[in-house]
Amino acid sequence: MANETNIHRESRLAKLRTLQEKGYNPYPYKFVPNAYAADLHEKYKDLPEGTDTEDRVTIAGRAMAVRNSGMFVDIKDKSGKIQAFCYKKILSEEDMEILKCVDVGDMVGVSGFVRRTPRGELTVAAEKFDIISKSLQTLPEKFHGLTDTDARYRQRYVDFIMNEDSKEIFKKRCKITSAVRRYFENHEFLEVETPMLHPIMGGANAKPFITHHNALDMDLYLRIAPELYLKKLVVGGFDRVFEIGRNFRNEGIDKNHNPEFTGLEAYQAYADYNDMADLIEDLLRFIAKDVLGSDKVMIGEREIDLGKPFKRESIVDLIKEHTGIDLMQANTLEEAKEMAKSIGVDAGACSCWGKVVQEVFDEKVEALLIEPTFVMDMPRDVSPLAKTHRSNPRLVEHFDAYLGGMEIGCAYSELSNPLEQRERFEAEVAARENGDDEAQMLDEDFLNALENGFPPCGGMGMGIDRVAILFTGADTIRDVIAFPTLRKKD
């Protein structure tokens, strides 16, 4: 295969040299089309077979097929495909020499008149033909990932050229991000940007990437979440803020996880987690209607109606419903572990009651939550940034949002008491000292910000990539990220 590729590349290089020897530049500085395939198909949809027009257009795109020694060239632009008819009685001798050097994959430009062939094909009859970027690589005959999925992600540009499904998924993902931005702007949230390089890791429990700044001679963490900086802005008087940006977590890769991902976070002063639940419901419906044209979304073979109220149940009640055990009855860590063991969950490594609850939920409940569900009232000892639940001190006002058996977001009634926040951070520090490298650090500047007065506040976060998986029908997070992180190729 490598030798065959080299032969094809040498053939293309020879054609490139031929063009250059003739004084022709197949890499011009500029080329301006004035028409696109889809618009032409729509404008001339009623043009009878065998009819020529006097309408002149200039099109540009990639040559996807070259037939009859170049007489017919299928050109693909951003909107679709259209045929170019390249006839020696119309083209100049110089253009015919250029045409002899064209290969599938070349970027070409064609100027000519619009016609419909006797066989019914809408065509631009070329009066001028240009190669505007000579391709030195051969496009595969099929590039649908059926035989080499890895190649699709490594050479994503080729995947987008050859696979319209991949391209449509990515375009839809871009529309989702745009819809999110419009939603928050429509609701008087201010879009902000906060640092990517953090002196202290915080805002979530995760393993960070660490880098070094030479001029300051200090280690910095690539952000795992923007939460603490966004809350500082609320302290500063920005009552409604949101940020869409990249987060980085030095963890595993699977169909729902990529080391760098796009997160959304939003904070609203004078609100709580119930308000954030209403906001997330409304946001998802807005995205669906804006991108899909309906508040119904297909997840696998199942139609989900986002127009219905989302289910809201506590995590311990959901565990009880699906396993029969009531972890609220476990008064010690050992009792919780025994309950987990009784249903086949190994929670031996869990260091606190809340982690047992989370482990049981992850193994026994999460995948069952296909309908939109807010899993409410998380254990206090695994959520250090949320307010203690107003009716149960073992819990906090924190929910995770699930759809299609996957967590897509979360929200809190944000902890505003600086003294309680310090105690929570100190517990996290102790956990780190005991080997939990995902536990958060104590951030004195954030605590100082809270001591200046942090109003009651609701905060939410959502994974844009995961929403894109669900709303596009993609199989994996790699399908909705243009250039996903991959293992180094040998």
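The values are calculated or read from the model by the stated rules, or taken from the named source; none is laboratory data. Predicted model only: the values in this text are computed from it and were never measured. Neighbour counts are summed over all protein chains in view; Cβ atoms, including those assigned to glycine, are modelled from backbone coordinates with ideal geometry. These accessible areas exclude ligands, DNA and RNA; they are computed on the full protein's heavy atoms, side chains included. Shrake-Rupley method; radii C 1.70, N 1.55, O 1.52, S 1.80 Å.
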* **Cut-off 14 Å (backbone N to label point 7 Å along Cα→Cβ of LYS207), residues of region 339-357** => none
* **Solvent-accessible surface ranking, highest first, for ILE224, ILE200 at 1.4 angstrom** => ILE200, ILE224
* Asked: Rounded to the nearest whole Å², what accessible area per residue is found for the chain with the 1.4 Å probe?
  -> 50
* How far is it, in nm, from the label point at SER69 to the one at LYS311 when both lie 7 Å from their Cα along the line to the Cβ? -> 6.9
* Structure fact -> Distance in Å, no decimals, from the C-alpha centre of region 388-445 to the one of region 301-373 is 18
* Asked: Compactness ratio of region 231-311: Cα Rg over 2.2 N^0.38 Å, N = residue count?
  -> 1.37
* Asked: How far, in nm, would the chain grow between LEU13 and GLU164 when pulled straight, counting 0.36 nm per residue and subtracting the alpha carbon separation?
  -> 51.5 nm
* **Tensor-based shape of region 110-189 (alpha-carbon gyration tensor, a/c under 1.5 rounded, otherwise prolate or oblate)** => oblate
* Distance histogram for region 170-275 (every C-alpha pair counted, 5 angstrom bins, percent rounded to whole numbers) -> 2, 11, 18, 20, 19, 16, 9, 4, 1, 0
* Structure fact -> Using alpha-carbon positions, the gyration tensor of region 258-378 gives root eigenvalues a ≥ b ≥ c; with a/c under 1.5 called rounded, otherwise prolate if a/b exceeds b/c, else oblate, the class is prolate
* Structure fact -> Measure of exposure for GLU363: accessible area at 1.4 Å probe, Å² rounded to 10, is 100
* Where does the charge balance sit around SER79 when Lys and Arg score +1, Asp and Glu -1, over other residues with C-beta under 15 Å from its C-beta? -> +2
* Structure fact -> Per the charge dipole of region 310-369 (beta-carbon charges, Lys/Arg positive, Asp/Glu negative, Cα centre), the residue among ALA330, CYS352, LEU369 reaching farthest to the positive end is LEU369
* Please get the size of the charge dipole for region 325-453, origin at its Cα centre, with Cβ charges of +1 on Lys and Arg and -1 on Asp and Glu, quoted in debye to the nearest 20. => 400
* Could you tell me which label, among (1) 25.3; (2) 26.4; (3) 23.5, carries the value of Kirkwood radius over Cα pairs in Å calculated for this structure? => (2)
* Structure fact -> Between the residues LEU279, PHE471, TYR36, the Cα farthest towards the positive end of the dipole of the chain, that dipole coming from +1 and -1 charges on the beta-carbon of Lys, Arg, Asp and Glu, is from TYR36
* Could you bin all the Cα-Cα distances of region 352-460 into 5 Å bins starting at 0 and give me the percent of pairs in each, rounded to whole numbers? => 2, 12, 19, 22, 20, 14, 7, 3, 1
* Asked: Once amide H atoms are placed 1.01 Å from N in the peptide plane, what residues at a sequence separation of 5 or more from PHE72, or on another chain, have their amide H within under 5 Å of its amide H?
  -> ARG67, CYS86
* Asked: Which length gain, in nm to one decimal place, applies between TYR270 and HIS257 when the Cα-Cα distance is subtracted from 0.36 nm times their residue separation?
  -> 1.4 nm
* To do: For region 314-412, would you read off the P(r) tail past 20 Å as a percentage of all alpha carbon pairs?
  => 32
* Take peptides 370-382, 460-472 and line them up by average Cβ neighbours within 10 Å, highest first, as a rough protection proxy. => 460-472, 370-382
* Ellipticity estimate at 222 nm from DSSP helix runs (n ≥ 4, -39,500 (n - 2.57)) divided over the chain, nearest 500 -> -10000 deg cm²/dmol
* Whole Å is fine, so just give me how far the alpha carbon centre of region 186-228 lies from that of region 77-92. => 51
* Quick one: with all protein chains in place, what share of the accessible area of the chain is carbon or sulfur, to the nearest percent (1.4 Å probe)? -> 48
